[in-house]
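S.K.: The structure's right below; bear with me while I get my questions together.
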Ligand SMILES: [Zn+2]
């Protein structure tokens, strides 16, 4: 069975779970694009998205 990736509606973290491992909010299957943050302290995107952890994040979650 193929893995369906989901993205958190609150913090945009990409996960396989139905609830976000970072903030505990529900995740959605409707999302587009993603960025991988390896060092949030140096990432312009992370700063703009308000991310304070490293990981994979969706650019747009519906
Ligand atoms: Zn989250």
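S.K.: Calculate, in nm to one decimal, what residue 52 and residue 28 gain on full extension: separation in residues at 0.36 nm each, minus their alpha carbon distance. It would help to have the intermediate numbers written out before the result.
M.R.: Values: separation 24, 0.36 × 24 = 8.64 nm, distance 2.07 nm.
Contour length minus Cα-Cα distance gives 6.6 nm.
S.K.: Please report Rg (one decimal) and Dmax (integer) in Å for the Cα set of the chain.
M.R.: Both quantities, over Cα of the chain: 11.1, 37 Å.
S.K.: Between residue 43 and residue 21, what length in nm is gained on full extension when 0.36 nm per residue of separation is reduced by their alpha carbon distance?
M.R.: 5.8 nm
S.K.: What distance in nm separates the two pseudo spin-label positions at residue 36 and residue 59, each 7 Å out from Cα along the beta-carbon direction?
M.R.: 1.6
Just so you know, all these numbers are worked out from the coordinates, no wet-lab data involved. Model, not experiment: these values are computed from the prediction. Here the Cβ is made from the backbone with ideal geometry for all residues, glycine too, and neighbour counts use every protein chain on show.
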